[in-house]
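Please read the structure below before turning to the comments.
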Amino acid sequence: MGFHAFKDLLDKFKPREEIPTFSPVWKTCSSTRLQREKRRFPSTNSSQLVSRRSAGSHGAGPKSVKNTEDGLTLDRDLFKKCVQSNIVLLTQAFRKKFVIPDFQAFTSHIDDLYQSSRALSGGQVADYIPQLAKFSPELWAVSLCTVDGQRHTIGDSKVPFCLQSCVKPLKYAIAVNDHGTEYVHSFIGKEPSGLRFNKLFLNEEGEPP
């Protein structure tokens, strides 16, 4: 799955030799809820492209980037340089090959579930930990991220909250990413033990369970 396959898809939107700066890309990706982040797409920022054109860096000379009645445009070579690090992800978005192809219908269902559960008022805020006891029972949010990076959120998602034990999967993922599974699993196990969450012990072989 290379640039030529992606170019063929782009040709349906813009068959000319020059392409408006990512506008057909973002328009198509928006329906998949693929977030436009500098961290994930560092080379697709229009202001950066203008700066590159002025500086003549990274191959972005005056002929590579220019303003037209369609907006800021790129030639094919510069466009290729900008998207090549994300070519697989963008091609999947254009072909609707994500794990949830109709993400709008999916999130509509999530929103319905959110609204129906919002009316539930049973239970109480945990008070055995001071950080948890501070929170209002009226706060309610749902956020999700698929394996493809499609994201959706609804409700009070901007309110910071105390993760408590919910942080453990994140800490585990960071540790495995930094040190590898073999090293990490020499210290911790993978199977539920049935014991208290904070109990430290080894099995019969002197290893984490």
Between L139, L113, which is in a loop (DSSP other than H, G, I, E, B), of a type in the set (A, V, I, L, M) and either on the phi > 0 side of the Ramachandran plot or outside the structural domain of L90 (by TED's automatic domain parsing) (or both)? L139
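Being touching a residue at least 40 places away in the same chain (Cβ under 8 Å) and surrounded by 14 or more Cβ atoms within 10 Å (Cβ to Cβ) is the filter; apply it to region 133-174 and report the residue that is nearest to the chain's Cα centre (by Cα).
Ranking the candidates gives G149 first.
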Residue hits (region 182-198; in a helix (DSSP H, G or I) and exposed (fewer than 12 other Cβ atoms within 10 Å of the Cβ)) are E182, Y183
How many residues are of a type in the set (S, T, N, Q), without any contact (Cβ under 8 Å) to a residue 24 or more places away in the chain and not in a loop (DSSP other than H, G, I, E, B) when one looks only at region 116-132? 2
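The values are calculated or read from the model by the stated rules, or taken from the named source; none is laboratory data. Note that the coordinates shown come from a computational prediction; the quantities given were computed from them, not determined experimentally. Neighbour counts are summed over all protein chains in view; Cβ atoms, including those assigned to glycine, are modelled from backbone coordinates with ideal geometry.
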